[in-house]
Each structure stands twice: as C-alpha cells, then as structure tokens.
Amino acid sequence: MTNKQAPIGVYDSGVGGLSVLQAIHAQLPSENTIYFADQAKVPYGERPLEEVRQLAESVTRRLMQEGAKLIVIACNTASAAALKHLRALHPDFPFVGMEPAVKPAAEQTLSGKVSVLATPSTFHGELYASVVERFARDVKVYQATCPGLVRQIEKGFLETPKTRRILEEALKPMLLEGVDTLVMGCTHFPFVIPLIRKIAGEEVRVIDPAPAVARQVGRVLEAWNLLNPSGTLGKATFFTSGDPKKLQSILPRLIGIEAEVFKA
Ligand code: DGL
C-alpha cells in the first residue's frame, strides 16, 4: 500500500519544473516533494521525441524507486514525448503532465490572436496538435521557440541583455500582428514573465499553467486517496543529474528556497 506521507515526484529537464513545484507547495502545503532535474541532458527541447521518451522513462523509474506516490512531469517536452507511454507502462501509478494552455488562452483573447512559447519538440508532438485542434478553432495561434532561452534560464540569467534580445526577437513581430495572450508552454519560461511584461506591456495576458497543474495534482491525489493528512509543513528534496552545487546556488533566486541538492 502506498504511504500517504510519501513524496510527490516532480520532474523536469532542469530548473523549469521548479515553477510547478512552487505552485504545488503553495496549494498543497502538507505534501512532501522530491524534485529531479535531468540537467546532464538539458535542454530536452532540441532532442528527438524518442530520446526524450527514453530519458523520461528512466527518470520516472528512479522517482518510483525513491518512493514517489505520484509523479508530475513538470516539463512540456517530456509530457509531449512520454506521458501517454508512461501511463501505458505503469497503469496503476498516477501521473500528472503538462499540456500547452491553449484553451484558457482561446477563451481570454480579445484580439483572437494568441501565441504559445514552447520548445521545438513540444510543437512536434501529437499533444500540441490535439490541443490546438480541440481548443483553437476560432483563434489564430502563433508559435515561438525562443532559441537559447532555456539555457539562459538554466544559468539564472533572467534579465540579461541576451535574454532580453531572445525574447524581443520572438515577441515583437507577433505583438505587432496583434497577439494579446501568451501561453507559457515550457515550464522554464514563467521565470522570465517579469521581463516578458517589460517587453510586451502590462496589458498582455500571460498564462502560466503551474497553478492549474497544482490543482490537478490535488484532485488526482484525492481521487487515488493519497492526500497527506499530516497537517505539518511538507519537505522538499532536490536531485540533479548535473552539478548539485550549481542547482543549489540558483534555488534561492528562482524559488526562494535554500536547500541541499543531491547528485542523482
Ligand atoms: N522545461 C521544459 C519544458 O517545459 C523543457 C526545456 C528543455 O529542456 O528544453 O518544455
């Protein structure tokens, strides 16, 4: 029987999933979490989907060995590549994944023009095509891959001139076309929302799916009878396949947490 006190596994190629981790701790404060950053392999977004699927399979197996009671694939690219496959492989285990938040964007846009910011692999996946097909019939959807942005965010360069240049190149043409809603379709990108607002203006809607994903985690835990009833504040544990010191030094800047990071 699964222990309700067991941690929620949260997995991303790097620091992006921390945006989701933060929302999970905010909404489900009693839950313990175990975060896995596959930084030896970041960025995922330029790798073939088949390779990302294999990486996701081995990381999720590891999180299960660590005792995770549910795994959040806090990475759009890994969700696009592997979520269906992981559910088929482990039918008795709960997963929560990411999908580009095209539905709320289509509901909220006034101009009828929205843009998804995501990695090339996410755009290549079936999941993205199906979301656009289901929810964006009446709106025009633009796409931006923002080359180099994931690497900048991995380094903690959230407001440097290069980061600004990457975002300006991606956003300015579509803003000129009348895009009024931007979907964060990569979990790294919410960390540059303040800069996006400086470039795009405060009136542009920016959709970060993290709070909705955290609510979904709560619903799934409830449905599987896995909510932690302890009432005490949950603990977060961090692993990386990359350099633990680097991740450790960037945690306070990204999510305001000081914690030891372990080598995976
Ligand atoms: N954070 C990831 C995503 O949501 C992927 C970034 C990357 O490794 O390319 O797509």
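The values are calculated or read from the model by the stated rules, or taken from the named source; none is laboratory data. None of the values given here were measured: they were computed from a predicted structure. Cβ coordinates were reconstructed from backbone atoms using ideal geometry, including for glycine residues, and neighbour counts include every protein chain displayed.
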> In segment 150-161, is there at least one residue being under 24 Å from Ser79 (Cβ atoms), surrounded by 18 or more Cβ atoms within 10 Å (Cβ to Cβ) and more than 15 Å from the ligand (Cβ to nearest atom)?
Replying inline: no
>> Looking at segment 214-264 only, could you name the residues that are of a type in the set (Lys, Arg) and over 19 Å from Thr60 (Cα atoms)?
In response: Arg215, Arg219, Lys235, Lys245, Lys246, Arg253
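Table: residues versus (1) closer than 25 Å to Leu83 by Cβ; (2) in contact with an Asp or Glu (Cβ under 8 Å, 6 or more places away or on another chain).
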| position | (1), (2) |
| --- | --- |
| Glu107 | yes, no |
| Lys113 | no, yes |
| Ser121 | yes, yes |
| Gly125 | yes, no |
| Glu133 | yes, no |
| Lys140 | no, no |
| Thr160 | no, no |
| Arg165 | no, no |
> Among the residues of segment 83-101, which ones are away from the ligand (no atom under 15 Å from the Cβ) and farther than 20 Å from Lys4 by Cα?
Replying inline: Lys84, His85, Leu86, Arg87, Ala88, Leu89
> Within segment 102-123, how many residues turn out to be of a type outside the set (Val, Ile, Thr) and more than 12 Å from the ligand (Cβ to nearest atom)?
Replying inline: 11
> Within segment 1-49, which residues are of a type in the set (Ser, Thr, Tyr) and within 16 Å of the ligand (Cβ to nearest atom)?
Replying inline: Tyr11, Ser13, Ser19, Tyr35, Tyr44
> How about segment 202-222: which of its residues are out of contact with any Leu (no Cβ under 8 Å at 6 or more places or on another chain) and without any contact (Cβ under 8 Å) to a residue 60 or more places away in the chain?
Replying inline: Glu202, Glu203, Arg219, Glu222
> Does Ala80 qualify as being within 16 Å of the ligand (Cβ to nearest atom), modelled with pLDDT of 95 or more and part of a helix (DSSP H, G or I)?
Replying inline: yes
>> Can you tell me how many residues within segment 50-77 are away from the ligand (no atom under 16 Å from the Cβ) and within 17 Å of His124 (Cβ to Cβ)?
In response: 0
>> Between a residue in segment 71-87 that is under 17 Å from Val20 (Cβ atoms) and any residue that is more than 8 Å from the ligand (Cβ to nearest atom) and among the polar types (S, T, N, Q), which pairs come within a Cβ distance under 7 Å, given they are 6 or more apart or on different chains?
In response: Ile71/Thr60; Leu86/Thr60
